[in-house]
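Following: one structure in structure tokens, then a few remarks.
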Amino acid sequence: MSDIQLVEAPPGVEGAGFFATSLDKVIGLARSNSLWPLPFATSCCGIEFMATMASHYDLSRFGAERLSFSPRQADLLMVMGTISKKMGPVLRQVYLQMAEPRWVMAVGACASSGGIFDTYSVLQGIDEVIPVDVYVPGCPPRPEAIIDGFIGIQKLVQTESLRRRNAPEYQKLLASYGIQ
Amino acid sequence: MGKITNEELLKKISEKFGGQITVVGEPYGLLTIETGREQIIDILAFLKNDAVLQFIYLTDLTAIHYPGLEKSIGVIYHLHSLVNNVRVRIKVFMPEGDFHIPTATVVWEGANWMERETYDFFGVIFDGHPDLRRILNVDDMTVFPMRKEFPLEDPNRVDKKDYFFGR
């Protein structure tokens with residue numbers, strides 16, 4: 001008997017030979033279990049991410065084993081490490097190259113707030129240049145914390161309406177960063 | 001120990017630049033002299049090209065800021081004679097509001113990036129430098145961050161505000 005568990009079907013109407021639910025939920029289910037992360041690792045949080053990807057913690061259990069090193073194919077930008085002010089425009093460029101829908105995770109204290117680097121040369125959190133969906137605290141965070149943040153992203157993806165990216169508040173958010 | 005003692009080295013420099021240098025001291029055996037910007041390039045070229053001394057290696061070129069002093073910013077050269085295994089440190093201090101010094105790239109090409117870095121962090125203008133622009137910091141930075149009048153901390157930092165800690 002296999003112990004492989006399948007994802008539970010979303011709530012819907014089930015009958016003989018048919019199952020009806022809304023398109024949002026099906027697409028959210030599919031997307032959330034096949035996120036392609038783009039690791040933007042600059043320092044020690046990136047080392048923790050390596051542990052997260054390796055067999056012991058195994059992020060592929062969540063459908064994210066396919067890392068995309070091209071931003072054009074990635075769904076999730078995982079920023080792990082200190083981002084200096086000089087790298088800010090590069091990070092922003094990477095974000096702009098990602099196709100919608102796209103999510104961003106700030107892993108660790110430096111990416112979230114600048115961390116211990118309260119100094120003239122370091123970006124005080126990547127949310128100065130791009131919008132962030134999930135912040136993972138820690139210096140560096142344990143792989144469990146990164147997985148917890150990833151599950152947070154999955155929940156966002158599952159519950160997000162298909163039209164959210166056209167919503168005025170989302171457009172307003174992007175406009176506040178000067179995007180589009 | 002080097003093949004040349006500090007006394008011999010100082011004697012050779014004094015023979016040529018007698019009244020133009022002052023000896024600061026010999027901390028940890030490193031001969032340290034101070035001079036003015038008018039003759040600094042001549043001294044560097046002499047130390048490099050002299051047949052005996054052969055200070056062919058510019059170890060470091062940086063600056064230091066003493067706010068409050070009349071001559072507040074100094075440029076510091078560290079030279080190394082690989083042949084004689086001896087080092088020397090030369091300091092040149094400049095008065096407030098006039099941080100100009102001739103470039104050392106005419107003696108060592110390698111001074112190029114060091115002078116760009118010194119300009120980037122201290123705002124020292126190296127006259128005659130081929131490409132004097134910022135090297136490490138963002139191009140649109142308006143301050144010279146290693147000068148003491150500029151705060152180290154980033155003003156955009158929000159999570160250290162006093163009201164988060166009940167202050």
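The values are calculated or read from the model by the stated rules, or taken from the named source; none is laboratory data. Computed from a predicted structure; not experimentally measured. Here the Cβ positions follow ideal geometry from the backbone for every residue, glycine too, while neighbour counts run over all protein chains shown.
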task: Can you tell me which residue within region B:14-52, out of those that are hydroxyl-bearing (Ser, Thr, Tyr) and touching a residue at least 40 places away in the same chain (Cβ under 8 Å), is nearest to B:VAL107 (Cα to Cα)?
output: B:THR35
task: Consider A:SER32 carefully, then state whether it is among the polar types (S, T, N, Q) and over 15 Å from A:GLY149 (Cβ atoms).
output: no
task: Being within 18 Å of B:GLU34 (Cβ to Cβ), more than 15 Å from the chain's Cα centre (by Cα) and charged (D, E, K, R) narrows it down to one of B:ASP139, B:ASP98, so name that one.
output: B:ASP98
- request: Scan region B:105-130 for residues that are hydroxyl-bearing (Ser, Thr, Tyr) and closer than 22 Å to B:SER72 by Cα and jot them down.
  value: B:THR118, B:TYR119
task: Just one of (1) in contact with a Pro (Cβ under 6 Å, 6 or more places away or on another chain); (2) at pLDDT 95 or above trips up B:LYS71, so point out which.
output: (2)
query: From A:ASP148, A:ASP118, which residue is under 25 Å from A:PHE49 (Cβ atoms), within 14 Å of chain B (Cβ to nearest Cβ) and either over 14 Å from the mean Cα position of the chain (by Cα) or not in a strand (DSSP E or B) (or both)?
result: A:ASP118
message: Would you confirm, using the coordinates I've provided, whether B:ALA51 is surrounded by fewer than 18 Cβ atoms within 10 Å (Cβ to Cβ) and among the small types (Gly, Ala, Ser)?
response: yes
Whichever residue in region B:1-47 is outside any helix (DSSP H, G or I) and of a type in the set (A, V, I, L, M) and, among such residues, is farthest from B:ILE76 (Cα to Cα): B:MET1
